[in-house]
Amino acid sequence: MKRLLAFCMALLMLTAVLAACSDGDDQKDSAAETQKEVLLQNLLSDINTEMGISEKTVEGLKIINTTDELDRIYGIPADSIRQFGAERTSSKKDYMELLMVEANGEDAVTQIVNGLNSRLDAQRNTARSYNPEAVELLENCKISTNGNFIYLVISKDQETIEKMIEDALQ
C-alpha cells in the first residue's frame, strides 16, 4: 500500500513538472509568434515609393547604410540592434528624418529610446535658433515603440508615415 501511494505521488509530481514545463514553452512560442518579422530596409523602400521620396524629390536626402553611421548620428551601438532602416536630409527646405530600429531586447529598447529622446531635445533647441521651419515638425515628433521596434518620424507627412509603419508591424 505504501509503495502504491509513493508511486502515485511520484506520478502526480512528474505530471505537475511536465505540465509546468509545457506551459512555459507554449508561452515562449506564443511570444515568438507575436514578434512579427519585418525587414526594415524593405519597409523604408516601400514608404519611399508610396510617399514619392527619393533623392530627386527631396533635397539632401541620405539613406543611412552602415551601423557606424547609425552610431555616429543617433548614438545607437551596433550590438544593441538586430536591424535598421534610416534616412535623413541635410536640407533646411526639405527637413526630414525617418529612423526604424529593431532592438536586441527590452534593455536595448530602453537605452535606444533614452538616447533618441536626448537627441530630439537637442535638435529642438538647435532648430529654434536656425531653422524655424523645422521647429513645428520637431515639436510634433515623438519616439514610438512596438515590442522591440522603435521608430522616429520627422516629416510634414509624419502621421501618414507613422501609420504605414504601425500597419507593417501589426
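The values are calculated or read from the model by the stated rules, or taken from the named source; none is laboratory data. Predicted model, so just to flag it, every value in this text is computed and none were measured. Because the Cβ atoms are built from the backbone with ideal geometry, glycine has one as well, and the counts that use them run over all protein chains shown.
Report whether or not V101 is closer than 17 Å to N42 by Cα, surrounded by 14 or more Cβ atoms within 10 Å (Cβ to Cβ) and aliphatic (A, V, I, L, M). Give the steps one after another, and end with the answer.
Working: closer than 17 Å to N42 by Cα: yes; surrounded by 14 or more Cβ atoms within 10 Å (Cβ to Cβ): yes; aliphatic (A, V, I, L, M): yes.
So V101 fits the description; yes.
Consider segment 117-150 and keep the residues that are out of contact with any helix residue (DSSP H, G or I) (no Cβ under 8 Å at 6 or more places or on another chain) and assigned to a loop (DSSP other than H, G, I, E, B). The one that is surrounded by the fewest Cβ atoms within 10 Å (Cβ to Cβ) is K142. Of the residues T89, T57, the single one that is surrounded by 18 or more Cβ atoms within 10 Å (Cβ to Cβ), over 14 Å from the mean Cα position of the chain (by Cα) and of a type in the set (S, T, Y) is T89. Listed by first and then second residue, the pairs linking a residue in segment 137-164 that is in the same structural domain as Y95 (by TED's automatic domain parsing) to a residue that is of a type in the set (D, E, K, R), with Cβ atoms under 6 Å apart and 6 or more places separating them unless they lie on different chains, are L138/R124; N148/E102; F149/E102; V153/E162; I154/E97. Which of the residues belonging to segment 47-85 are in a helix (DSSP H, G or I) and in contact with an Asp or Glu (Cβ under 7 Å, 6 or more places away or on another chain)? Correct list: M51, A78.
The lone criterion from (1) surrounded by 13 or more Cβ atoms within 10 Å (Cβ to Cβ); (2) more than 17 Å from Y151 (Cα to Cα); (3) in contact (Cβ under 8 Å) with a residue 60 or more places away in the chain left unmet by R82 is number (2). Inclusion of Q111 among residues that are surrounded by fewer than 19 Cβ atoms within 10 Å (Cβ to Cβ), under 17 Å from Q41 (Cα atoms) and within 18 Å of the chain's Cα centre (by Cα) is not warranted.
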